[in-house]
């Protein structure tokens, strides 16, 4: 039985790893938001997007997953520091 894989693009932004959540084809921008669901992509599209983001100085890579991701798995809220 063949396994269906999901491909996601992860971007390093503000010293955190965040999934791409939306692509705006009208303006050719990729958006990432820590509060939104990661966007599953085809393998070739994810590879091209990661390559283009890296060329534009946003370190990015592709994550291949056997399960669909429902939330940002790398992001954790920072505890508020008491002063």
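Values in this text are rule-based calculations from the coordinates and carry no lab data. Predicted model only: the values in this text are computed from it and were never measured. Note that each Cβ is placed from the backbone with ideal geometry, even for glycine, and that neighbours are counted across all protein chains shown.
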Query raised in the report: Angle between the Cα long axis of helix 43-55 and the longest principal axis of the chain, 0 to 90 degrees, nearest 10?
Result: 50 degrees
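Based on the Kirkwood radius over alpha-carbon pairs, what is the Stokes-Einstein translational diffusion coefficient of the chain at 20 °C with 1.002 mPa s viscosity, in µm²/s? Please list the in-between numbers first.
Values: Rh = 13.6 Å.
For these conditions, the coefficient is 158 µm²/s.
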Query raised in the report: Is it possible to state the helix-based mean residue ellipticity at 222 nm for the chain, with each DSSP H run of 4+ residues giving -39500 (n - 2.57), the sum divided by total residues, to the nearest 500 deg cm²/dmol? What is it?
Result: -5000 deg cm²/dmol
Report summary line: With the 8 Å Cα cutoff and a minimum separation of six or more residues, the chain has a relative contact order in percent of 38 percent
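Packing-wise, with mean Cβ within 10 Å as the measure, how do 7-14, 59-66 rank, highest first?
7-14, 59-66
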Query raised in the report: Ranked highest first by average number of other Cβ atoms within 10 Å, how do 26-36, 48-58 line up?
Result: 48-58, 26-36
